[in-house]
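Quick note: the coordinates plus some simple rules give every number you see, no bench work behind them. This structure is a prediction, so every number in the text was calculated from the model and none was measured. For neighbour counting, all protein chains shown are included, and Cβ atoms are generated from backbone atoms with ideal geometry for every residue, glycine included.
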Amino acid sequence: MRLWPFKVIQGPSDAPKVVVTYKGQEKELMAEEISSMILGKMKDTAEAYLGETVEDVVITVHVPAYFNNSQRKATTSIAGLNVIRVVRIGEKISNQTSKQ
């Protein structure tokens, strides 16, 4: 953890917060804020490629995905997306493996 270009501190309810320096200012971010920034960038990239507005999405995550329901909702609402479905890849693979 010493090599990370950011610090991790204790946030509200013992949730971790990431402290980064961005454009000369120190910012404290929750995991939901970071993931919503990533989704927002992906949304911008998709809209630029498609040439139209993206609102409805299907999100694919690898298990384990450690967000609870309230964190998932916060992430997608901050990013301004309507999540139709979340596909959890690890579960599908492990279910198929256990049936063989």
- Using just the helices of the chain, give the 222 nm mean residue ellipticity in deg cm²/dmol: DSSP H runs with n ≥ 4 each add -39,500 (n - 2.57), and the total is spread over all residues, rounded to 500. -13500 deg cm²/dmol
- Task: Would you mind calculating the relative contact order of region 1-58 from Cα pairs under 8 angstrom and at least 6 residues apart, reporting the percent as a whole number?
- Result: 18
- Message: For a 21 Å ceiling on Cα separation, which of these pairs sit above it: LYS41/LYS73; LYS23/LYS73; LYS7/LYS43; LYS7/LYS41?
- Response: LYS23/LYS73; LYS7/LYS43; LYS7/LYS41
- When all Cα-Cα pair distances of the chain are considered, the percent exceeding 22 Å is 46
- Message: Modelling each spin label as a point 7 Å along the Cα-to-Cβ direction, I'd like the HIS62/ARG88 distance in nm, to one decimal.
- Response: 1.7
- Item | Length gained when the stretch SER77-THR45 is fully extended (0.36 nm per residue, less Cα-Cα span) | 9.7 nm
- Listed highest first by mean packing, meaning other Cβ atoms within 10 Å per residue, what order do 12-25, 77-90 come in? 77-90, 12-25
- Item | Cα→Cβ-extended label distance, 7 Å offset, between ALA15 and ILE34, nm | 1.3
